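Below is one structure; the comments refer to it alone.
The values are calculated or read from the model by the stated rules, or taken from the named source; none is laboratory data. If you're wondering where the values come from, they're calculated on a predicted model, not measured in any experiment. All Cβ positions, even for glycine, are placed from backbone atoms using ideal geometry, and neighbour counts span all protein chains on display. Surface accessibility is based on the protein's heavy atoms, side chains included, excluding ligands, DNA and RNA. Shrake-Rupley method; radii C 1.70, N 1.55, O 1.52, S 1.80 Å.
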Amino acid sequence: MTLVLIGYLGLAACAGFLLTFASRMPWQLEGRAAAGVVLGLSAAAMLTWLAAIPLGMSGGTVAVGAFLLLGLGGLCVRFTNWRSELRGEWMAMLRRWRSWRVLPLALLVMLAVAFFVPFYAHALELKADGLYAGYGNIWGDWSTHLAIAGYLSQAHHLLPPDNPFFSGVKLTYPFLPDFFSGVLVHFGLGLEASLPLASAIMSLALVVLFYSTAHRLAGDGWAAATAVLVFFLSGGLGFLNLLQDLHPAQPGIAGGVSALVRAILHPAREYTLDRAVGFQWLNPVLAYMVPQRATLFGFALGLIVVSIGWYARSTDSRREFLLGGLLLGLMPLLHTSSYLDLALFFTGLAVLDVAVAATRHLNPASQVGRVAVNWACFLLPAALLGAPQVLLILPPAAFNRSFLHFQVGWMSVTADYHLNIGIFWLLNTALLIPLALTAYVLGRGGKPGLLRFAVPAWLLFILPNLVVLQPWDWDNTKWFAWWAIFAAILAGVVIAHLARQRRMLAALAVFLLVVTTASGALDLVRASQRDIPGVSYRLLTTDELHVAEWARHRTPESAIFLTGWQNNHPILTMSYREVVMGYPGWIWSWGLNDDHRQADVTAMYRGLPGTDQMLRRYHVSYVVIGPEEMDTQNGPGANLTYWQFHHRVVFRSQDYQVFSVG
C-alpha cells in the first residue's frame, strides 16, 4: 500500500503542477512545484468529496477521485502551453542553483526540513502505554481533527457532513483538509500517520510558496527570505523573560554564557503566549499551522491567489483576474477564514484602484470602467462560488451577537489586565508594526506598487481591533493573520534594504530581525523537544485505544454513542463514530448552541425519568461509561447500577464498559 500511497500523492502533485499552467503567470520553478503540491492536494480533497456526495465515502470513491484528478491533469496537458514554459523555468532554475542567488531559498528549505520533518514525525506517536501528542496544541486541537478525519473517512452524508461532535447537526467547520486525511486512511494509514503526513507536506510547501510570493512582491531573494522568517518566527517581546530563566551553574562570564546557551537550546516556557500579562500573539506556526490544520491550505492557496492578483494588476489581464477570483471562490471549505480575509482585502484593493483611476487620468471615466470591469471579473466569481460554501457550513449563531460585537482594542482590554493598545501590540508583535510602517516612510522597497497593493491589508488589522468576529474573542487572530503576512513582507523589504547599507545600518538590520523573531524562534525550539514535561502529552491510554478500536471494528458506521464530553474522549477521537455531544468548548467556538444537550446527557447517564425517551430522541446506539463519565465534578456522574440493570454490556475493559441500547 505504501507504493500506492506514494503514487496517489504523486498523481495529486502532478495534477496540481499542471494546473498552475492554466494561468500565464511566470514562476520560479521551485515556487510552481510548491503551488502544484498545494493545488493538487486541495483538488484531490475537493474532487473526492464531490464524488462522495452521491456515492458515500469508501475506497471506491477514493479511486473515482483519483480518476478525476487524472482527467484534470489531462485537460491541463491538452489545453495549456506547459511544455515551453516548463523548459524555460527548468533552465532558469539550473542556472540559479549554480549561483549564490539560490542561497536564501536553500537556507529556508534546510531550516524548514530541519524543523517540520522531525516535528511531525513525533506529532502523534504510539507507545507502549498509549498515543502521545508531541506538542500541547496537538493534544488540545488534534483530537478534533482526528475525530473529523476519522468520521469523514467513512461518512455517507456529506452535503454537508454531520458533526461527529454533535449528532444530528451539520458540521460548521471547513472540513476538506481533514477530509483529505480521511482519504489517506484508505491507503492503509492510521489516523496517527495520515494527519502528520498531510501537515508535513503542506508545511514544507507553504514555506517555499511564501518565499515565492514574497519574492514576486519584493523583487529580492533576501527580502523574501527575511519576510518568511519574520512571519514564521514572529511572537512579540516575550523573549525578554529569558533573562529570568537564566540559572548559571557557576559565577562569571563563562557561567552566564553557558546558562544562556542552555536556556536557548532548552527553553523553560512559552515566550509568545502568557495570557496573564497580555502576551496573546502565539507564534503563527504553533497557533495556526500546527493545531488549526486548515490554515495550511488556507495560507498556501491564499498566497497563490495573492500572486495571481498581483500579476493580473500588473498585466491588466482579465483572464488572470478571472482565474484569481475562481481560485478564491473555491477556498471556503478548505479554510473559510482565509476566504473571508482575502475577500475583504481584494474588495478594498478594488475600491482603492478605482479611486486612484478616477483621480490620476485625463480620461477618468474610461479608465475607471476598465479597472472596475477587471475587478468585477475577480470579485464576482469569488462571491458566486464562495458564498454558497460559506452558507453550507455557517452556523445560525453567526447572525447574532455571539459572533459580532464591538470590543475596541481586542485583547488589550481583558478583565485580567488593561494595556494601552500601542503597548499591547508592541509587546505582542515586537517591531513588526514599526517595520511595516517604515516601508511607507521610506517610500521605496519592493516591486513598484507594493506599498499600494498592501494598503488594504491594514483593514485586517483595524477591523478585528474594533469588532470581535468569533464567539471566542481570541479567535480574531484568524483575521489578524493575513495582515501579519503582508506586514512581514513589508518588514522583510525594510530589513533587507538596511542590510545593504553601510556597516552600522547592516548591524541594525540584524538587530531588528533578531528582536522581531527571537520569541517565536525560542518557542519553536521548545516545541521541537521530545518527551519533556509541558511539551509532550499522552492523548489516549492503551485501554482507551482498545475501546476505540472495538467501536471502530465491531459497531455499525452509523452508530451514535453517548459519551462524556472530554476533548480527547477515545470514542470521539479514534473510533470514526458520532457522539451525542463532545467537548463543549469546540461546540461553542463553532457557533453552536448546546440546546440543553449537556443537561440531557447528564440526565441520561444518571438514569433520571425520561431517559428512554431521550435515548430514542438522540438515536443513541451505545452508551460508554468510563472514568470521565463516572466523574461527578467535571463529568456527567453516571449511575453505573442503573445501566447494569437496564442494558446489556457489549464491551468491557480495565476502565470502560459499553452498553448496547435498543
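If you wrap a convex hull around the alpha carbons of the chain, what volume per residue comes out, as a whole number of Å³?
182
At most 14 other Cβ atoms within 10 Å and a DSSP loop assignment: could you name the trypsin sites (Lys or Arg not before Pro) in region 504-590 that fit? Before the final figure, lay out the partial values.
Numbers: sites: R526, R530, R538, R552, R554, R577; in loops: R530, R577.
Sparse-neighbourhood loop trypsin sites (Lys or Arg not before Pro): R530.
Mind listing the Cα extents of region 389-528 along all three principal axes, in Å, largest one first?
58, 36, 33
Ignoring ligands, DNA and RNA, how do L152, L513, L75 rank by accessible area with a 1.4 Å probe, largest first?
Values: L152 0, L513 40, L75 100 Å².
Solvent-accessible surface, decreasing: L75, L513, L152.
Could you list which residues have their amide H under 5 Å from that of E578, counting only those 5 or more apart in sequence or on another chain, with H placed in the peptide plane?
Those qualifying (amide H under 5 Å, at least 5 residues apart or on another chain) are F561.
Over the chain, what is the relative contact order in whole percent, taking alpha-carbon pairs under 8 Å and six or more residues apart? Provide the component values of the computation, followed by the final result.
Details: 1133 pairs, mean separation 116.0, N = 662.
Across the chain, relative contact order equals 18 percent.
Given q = 0.20 Å⁻¹, what are the Debye log10 I(q)/I(0) values for region 571-662, with equal point scatterers placed on the Cα positions and solvent ignored?
Treating every Cα as an identical point scatterer, log10 I(q)/I(0) equals -1.07.
What base-10 log of the normalised intensity I(q)/I(0) is obtained for region 1-151 from the Debye formula, alpha carbons as equal point scatterers, at q = 0.12 Å⁻¹?
So the normalised log intensities work out to -0.73.
Check V650: other-chain or 5+ apart residues with amide H under 5 Å from its amide H, H built from backbone geometry?
Counting only residues 5 or more places away or on other chains, the set is V658, F659, S660.
Determine the relative contact order of region 92-208: mean sequence separation of Cα pairs under 8 Å and six or more apart, normalised by residue count, in whole percent. Please list the in-between numbers first.
On the way: 98 pairs, mean separation 33.9, N = 117.
Relative contact order for region 92-208 comes out at 29 percent.
From the backbone phi of region 84-99, what are the Karplus-calculated ³J(HN,Hα) couplings (6.51 cos²θ - 1.76 cosθ + 1.60, θ = phi - 60°) in whole Hz, Gly and Pro given as x?
Karplus-based 3J(HN,Hα) across region 84-99 equals 5, 5, 5, 4, x, 5, 5, 5, 5, 5, 4, 5, 5, 6, 9, 10 Hz.
Starting from the amide H of F279, placed 1.01 Å from N in the peptide plane, find each other amide H under 5 Å away whose residue is 5 or more places distant or on another chain.
Distant-sequence amide H within range of F279: D274.
On alpha carbon coordinates alone, what is the Rg over Rh value for region 131-238, Rh being the Kirkwood radius? Before the final figure, lay out each step's value.
Numbers: Rg = 17.7 Å, Rh = 16.2 Å.
Rg divided by Rh gives 1.09.
Determine the distance separating the Cα centre of region 329-347 from the Cα centre of region 139-181; give it in Å without decimals.
So the two Cα centres are separated by 20 Å.
For region 300-316, just list the computed ³J(HN,Hα) in residue order, Karplus coefficients 6.51, -1.76 and 1.60, θ = phi - 60°, integers in Hz, with x standing in for Gly and Pro.
Along region 300-316, the couplings run 5, 5, x, 5, 5, 4, 4, 4, 5, x, 4, 5, 4, 5, 6, 9, 6 Hz.
Per residue of region 602-611, what does 6.51 cos²θ - 1.76 cosθ + 1.60 with θ = phi - 60° give for ³J(HN,Hα)? Whole Hz please, x for Gly and Pro, Karplus curve as stated.
4, 4, 5, 5, 8, x, 6, x, x, 4
Beyond 18 Å, what share of the Cα-Cα pairs of region 165-209 is found? Please give it as a whole percent. All intermediate terms of the calculation are to be shown ahead of the outcome.
Numbers: 420 of 990 pairs.
Result: 42 percent of Cα pairs exceed 18 Å.
How big is the Cα convex hull of region 531-589 in projection, averaged over all directions, in nm²? Before the final figure, lay out each step's value.
Details: hull surface 19.9 nm².
The directionally averaged projection comes out at 5.0 nm².
Extent of region 325-364 along each principal axis, from alpha carbon coordinates, in Å, largest to smallest?
That gives 44, 16, 6 Å along the principal axes, largest extent first.
On a straight-distance basis, which lysines could pair with K170 in a cross-link, Cα separation under 23 angstrom, same-chain partners fewer than 8 positions away excluded?
Excluding near neighbours in sequence, the set is K478.
Rank V547, V525 by accessible area, highest first, at a 1.4 Å probe radius? Working shown, then result.
On the way: V547 0, V525 50 Å².
Ranked from most to least accessible, the order is V525, V547.
Specify the angular offset, from 0 to 90 degrees and rounded to the nearest 10, of the alpha carbon long axis of helix 191-218 from the longest principal axis of the alpha carbons in the chain.
20
Just the C-alpha atoms of region 99-155: what Rg/Rh do they give, with Rh taken as the Kirkwood radius?
On the way: Rg = 16.7 Å, Rh = 13.9 Å.
On the Cα set of region 99-155, Rg over Rh gives 1.20.
Using a 1.4 angstrom probe and counting only protein chains, how large is the accessible area of W310 in Å², to 10?
That residue has around 30 Å² of solvent-accessible surface.
Sort all Cα-Cα distances of region 451-534 into consecutive 5 angstrom bins from zero, then give the percent of pairs in each bin up to the one containing the longest distance.
3, 12, 14, 14, 16, 17, 12, 7, 3, 1
Can you tell me the relative contact order of region 212-338? Whole percent, Cα pairs under 8 Å, sequence separation 6 or more.
On the way: 111 pairs, mean separation 27.1, N = 127.
Averaging sequence separation for qualifying contacts and normalising by length gives 21 percent for region 212-338.
What Rg and what Dmax come out for region 477-517 when only alpha-carbon atoms are used, in angstroms?
Radius of gyration, then largest Cα-Cα span, for region 477-517: 12.0, 39 Å.
Between W97 and L392, with labels modelled 7 Å along Cα→Cβ, what's the label distance in nm to one decimal, could you check?
It is 3.9 nm.
Could you check the spin-label model distance between L608 and V510? Points 7 Å from the Cα along Cα→Cβ, value in nm.
6.7
Along the Cα→Cβ direction, 7 angstrom out, place labels at V441 and V4. What is the inter-label distance in nm?
A separation of 6.1 nm, rounded to one decimal place.
Determine the principal axes of the Cα atoms in region 485-582, then give the extent along each, sorted from largest to smallest and rounded to whole angstroms.
71, 30, 21
If you take the alpha carbon radius of gyration of region 274-378 and divide it by 2.2 N^0.38 Å, what ratio comes out, to two decimals? Walk me through the numbers on the way to the answer.
Values: Rg = 17.3 Å, N = 105, 2.2 N^0.38 = 12.9 Å.
Relative to the 2.2 N^0.38 Å estimate, region 274-378 comes out at 1.34.
Given a cut-off of 19 Å, what percent of all Cα-Cα pairs of region 9-75 lie beyond it?
On the way: 708 of 2211 pairs.
The answer is 32 percent, as a whole percent.
Students sometimes get this wrong: rank H647, H122, H266, H186 by accessible area, probe 1.4 Å, all chains present, largest first. Write down the numbers at each step before the final one.
Details: H647 40, H122 10, H266 120, H186 60 Å².
Largest accessible area first, the residues go H266, H186, H647, H122.
Run the 1.4 Å probe and let me know the accessible area of F511, rounded to the nearest 10 Å².
120
Helix-only mean residue ellipticity at 222 nm, the chain, DSSP H runs n ≥ 4 weighted -39,500 (n - 2.57), per residue, nearest 500. What is it? Walk me through the numbers before you get to the answer.
Working: 27 runs with 399 residues, N = 662.
Calculated mean residue ellipticity at 222 nm is -19500 deg cm²/dmol.
Could you report the accessible area of H619 in Å², rounded to 10, computed with a 1.4 Å probe on the protein chains as they sit in the structure?
My reading of the accessible area for H619 is about 130 Å².
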